[in-house]
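Participant: Sharing a structure below in structure tokens format, with a few things to ask.
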Amino acid sequence: MVKVIVSGACGKMGRRIIQLAKGDSQIDLIAGLEHEGHPEVGKKIEGVKIVGDYAQIKSCDCLIDFSAPAATMAHIPHLVKFKKSVVIGTTGLTQDQQRVIQEASKTIAVVFSPNMSIGVNLLFRLVKMAGEVLKNYKVYVEEAHHIHKKDAPSGTAKKIGQILNEEGFSIKNEDIKSIREDEIVGDHRIVFESGMDKIELFHSAKTRDIFAQGAVRACRWVAGKKAGLYSMGEVLFG
């Protein structure tokens, strides 16, 4: 079994990951992690104790991290010191912070993805396929999320833009239309348009469970892997 600690355990995503991980026969969920001073430290969620000491990372095989950028950065030295794998789903990371993760991946196995959803990672593949074929089309990217989401455009939309740019398009972050409305879990639309036709790729998340399921699957996959920076595409498709 894979010994797992969930960081950001008291957030919406952290709680769902805990609930799903507890039902996985290959996962031994040993703790939830929050910052020192968090009011839930010392209590239990779904029977899992919440701890505030980052040194507890030593006792796991893999950390699932859906926290905040500052917390993710604080975890990295402990992960490297104890040679522990990590699945990072934290969004809003700066380029400098992403470079810290890349440097850590020289020592430990890291799955780092702006979106852990199986469906969205299939969407990434479809966007690449479309970009390879539809070179002379205009392309538009739009994303919509709940009003509580702080970063815009979403990490997923930025990744879509990156994939398109690798195929010769020129998508800037400011070109991506971002909508923050109600309690939308996450919608992403990519439109390829010519004078003759229009092709749309669209993914709509109905529940955050799709991200939690992907994170648990990635955790099972990365435990025991050699050091490196892995994507969800590698987790799902090899």
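Participant: Can you tell me the 0 to 90 degree angle between the C-alpha axis of helix 95-104 and the longest principal axis of the chain, rounded to 10?
Facilitator: It works out to around 50 degrees.
Participant: Take the Cα atoms of the stretch 27-172, build their convex hull, and give its volume per residue in Å³. Show your work: numbers first, answer last.
Facilitator: On the way: hull volume 20.7 nm³, N = 146.
Once divided by residue count, the hull of the stretch 27-172 is 142 Å³.
Participant: Compute the long axis of helix 209-222 from its Cα atoms, compare it with the longest principal axis of the Cα atoms of the chain, and write down the angle in degrees, 0 to 90, nearest 10.
Facilitator: 70 degrees
Participant: With n ≥ 4 as the cut-off for DSSP H runs, can you work out [θ] at 222 nm for the chain, using -39500 (n - 2.57) per run divided by the number of residues, rounded to the nearest 500?
Facilitator: On the way: 7 runs with 83 residues, N = 238.
My calculation for the chain gives -11000 deg cm²/dmol from helical runs alone.
Participant: Then there is this: Step through the table entries Lys58/Lys106; Lys3/Lys172; Lys81/Lys177; Lys172/Lys198; Lys58/Lys206, compare each Cα-Cα distance with 29 Å, and write down the pairs that go over it. The partial results should precede the final answer.
Facilitator: Details: Lys58/Lys106 19 Å; Lys3/Lys172 40 Å; Lys81/Lys177 41 Å; Lys172/Lys198 21 Å; Lys58/Lys206 35 Å.
Pairs exceeding the cut-off: Lys3/Lys172; Lys81/Lys177; Lys58/Lys206.
Participant: What's the center-to-center distance, using Cα atoms, between the stretch 121-138 and the stretch 148-222 in Å?
Facilitator: Centre-to-centre (Cα) distance: 13 Å.
Participant: On to the next question. Enter the angle in degrees (range 0 to 90, nearest 10) between the Cα long axis of helix 118-133 and the first principal axis of the Cα atoms of the chain, meaning the one along which they spread out most.
Facilitator: It is inclined by approximately 30 degrees.
Since every read-out is calculated from the coordinates, none of them should be taken as a lab result. Treat the numbers as computed from the prediction; the structure is a model and nothing was measured.
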